[in-house]
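The next block holds one structure in the form of structure tokens; read it before the comments.
The values are calculated or read from the model by the stated rules, or taken from the named source; none is laboratory data. Bear in mind the structure is a predicted one, so any value in this text is a computation, not a measurement. Here Cβ is always computed from backbone atoms with ideal geometry, including for glycine, and neighbour counts include all displayed protein chains. Heads up: the accessible areas ignore ligands, DNA and RNA and are worked out on the full protein's heavy atoms, side chains in. Shrake-Rupley method; radii C 1.70, N 1.55, O 1.52, S 1.80 Å.
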Amino acid sequence: MKIFKKDKTKKITNERSLEIERERSNKSTSSSSSSNQKSKKLRIFRINAVQNPNDVPHFDEFQVPVKRWTTVLDALLDAKSYQDSSIGIRYSCRMASCGSCGMKINGIPRLACYTKISDLDTNTITCEPLPNFPYIRDLVTDFSQFFAHHRSVMPFIQNKKADIPDVNELSEYEQSPQDLDKFLQFSYCIKCGLCYSACPTVATDLKFPGPQALSQAYRYYADSRDSDKSNRLKVIDTSHGIWRCHFAGSCSNVCPKGVDPALGIQLLRSHLLGISNSEKKIAKLQDRSNNNSYREELEEEEEEEEK
Amino acid sequence: MTSDSIKNNRNKNKNMTKWFSDISFLRESQIMKIHYITGVGALFVVAIHIMMRLIMPFNMSLEFENVILNYKNIFYALLLESILVLIAIHGFNGLRVILLELRQTQIWERGVNILVIVAMIGIIAYGTRTIIIANGFSLG
Ligand code: HEM
Ligand code: SF4
Ligand code: FES
């Protein structure tokens, strides 16, 4: 990751862009809905770290037309289409579900497609790449480390003893709504990396899995269909693992999908400390692979206690 | 950790876990459990320690004779010893946590671990010596 020293501000004033601006201002004054169409200044962080590792970042400024519903992504694409086609942005769905357009907008990690300019309430919109991610180009950052952390928590259900009679047939893998509720909010994660970029521990400790991976560790740990619980805990119980979270809570503040990664981390910690024993029993009861044997054990224990 | 479970660990953290359990004999969750228990414990004994300054005028409580008298009281000496042990364990582990986040090389981590363990033992040994000597006045 680079620390940039200079903030060289270059104003894009090529003829084409001036022409477009003139056209637009003419249109907006002539149209009846002139109050709808305003223009705002877009400051975009520029760097080409891949082609030139020593590239010094700077900001370029663009004047972009803005309506009530214009998102930051719309504005960026406008600037890219009509003023400077070399602006590097990553996006896909434009509806807050692919998680590729994360960037720092006016100082806060947000999804560009999910941030309306009218909500920002400023005349200048500053777009920077997500902190805690290495630069690739302009607003595009490298997610390799982030995805590696995600992979490391084994984000998939593991249950060799699942009673699926025939794998070639469609079969039901039951889960009660109550069990689903234990992790549902965490499954809304779109891997946008906003929480990772907001985390102060990630900023100093690159081996720390970060809020996204840790909350996904909880999501699969809490899933009643998963049976590999102890191994899940082992993976995050390392010197750079879950214990390096210091309760800053920034992750939960910036998540665009209403996930509360900080909560997932604390829940997992309580399991690691063994203070949620009753929850463990419930989890075991619901674990279908151990279901019968554990129930028998419990019944035996109860009988002994009665004696 | 059993060799079976090591095999099951299918990611990069695998070696780290093994390496650290080798050097510290404890899992991180066990270390942090100790950290929280000693932290809360320290809060408790330090509170008693501070309140003992108030059983007589503050200046007087810190006069040589009175301090020595404190050490001679076996219960107070034990209280001081527990403060020493709890704060040494908690404090140096806290320092380890802070230092671990600065760099992520194995040499650094091993160095930090050894440093805090040695310092912890050193401080506890030296403090215990002081308590025993001060307490010894009453016996001798
Ligand atoms: C010697 C210097 C000390 C250092 C370097 C230190 C360091 C730390 C660290 C790093 C944590 C963990 C915080 C986290 O994980 O975010 C912590 C927690 C704690 N400390 Fe200390 N500490 C020291 C002294 C004390 C003393 C004297 C007390 C009580 C009188 C104390 C009470 C606690 C408690 C109750 C916690 C648990 C709360 C928490 O984890 O945030 N500490 N300490
Ligand atoms: S938890 Fe939220 S902020 Fe973090 S990656 Fe998932 S969706 Fe993005
Ligand atoms: S473009 Fe898919 S989340 Fe923004």
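Overview of values
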{"item": "Output for segment A:121-144, where each listed residue is out of contact with any strand residue (DSSP E or B) (no Cβ under 7 Å at 6 or more places or on another chain), under 21 Å from A:Lys257 (Cβ atoms) and away from ligand 3 (no atom under 15 Å from the Cβ)", "result": "A:Asn132"}
{"item": "Output for segment A:46-104, where each listed residue is basic (Lys, Arg) and within 25 Å of the chain's Cα centre (by Cα)", "result": "A:Arg46, A:Lys80, A:Arg90, A:Arg94, A:Lys104"}
{"item": "Filtered residue count, segment A:138-173, keeping only those that are over 30 Å from A:Tyr218 (Cβ atoms), among the charged types (D, E, K, R) and at pLDDT below 95", "result": "2"}
{"item": "Residues within segment A:50-77 that are acidic (Asp, Glu) and open to solvent by less than 20 Å² (accessible area, probe 1.4 Å), tallied", "result": "1"}
{"item": "Residue identified as assigned to a helix (DSSP H, G or I), open to solvent by 30 Å² or more (accessible area, probe 1.4 Å) and under 16 Å from B:Ile131 (Cβ atoms) among B:Leu99, B:Leu69", "result": "B:Leu69"}
{"item": "Residue that is farthest from the other protein chains (Cβ to nearest Cβ) [pool: residues in segment A:231-262 that are farther than 24 Å from A:Gly99 by Cα, open to solvent by 30 Å² or more (accessible area, probe 1.4 Å) and within 15 Å of ligand 1 (Cβ to nearest atom)]", "result": "A:Phe247"}
{"item": "Residue that is nearest to the chain's Cα centre (by Cα) [pool: residues in segment A:144-196 that are assigned to a loop (DSSP other than H, G, I, E, B), surrounded by fewer than 17 Cβ atoms within 10 Å (Cβ to Cβ) and of a type in the set (S, T, N, Q)]", "result": "A:Gln158"}
{"item": "Residue in segment A:244-251 that is within 14 Å of ligand 2 (Cβ to nearest atom) and either touching a Lys or Arg at 6+ places or on another chain (Cβ under 7 Å) or in a helix (DSSP H, G or I) (or both) present", "result": "yes"}
{"item": "Test: residue in segment A:176-192 that is touching a strand residue (DSSP E or B) at 6+ places or on another chain (Cβ under 9 Å), away from ligand 1 (no atom under 16 Å from the Cβ) and among the acidic types (Asp, Glu)", "result": "no"}
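Let's see how each residue does on (1) closer than 28 Å to A:Lys38 by Cβ; (2) charged (D, E, K, R); (3) assigned by TED's automatic domain parsing to the domain that holds A:Asp55:
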| site | (1), (2), (3) |
| --- | --- |
| A:Cys98 | no, no, yes |
| A:Cys101 | yes, no, yes |
| A:Asn106 | yes, no, yes |
| A:Tyr114 | yes, no, yes |
| A:Thr124 | yes, no, yes |
| A:Arg137 | no, yes, yes |
| A:Ala148 | no, no, no |
| A:Arg151 | no, yes, no |
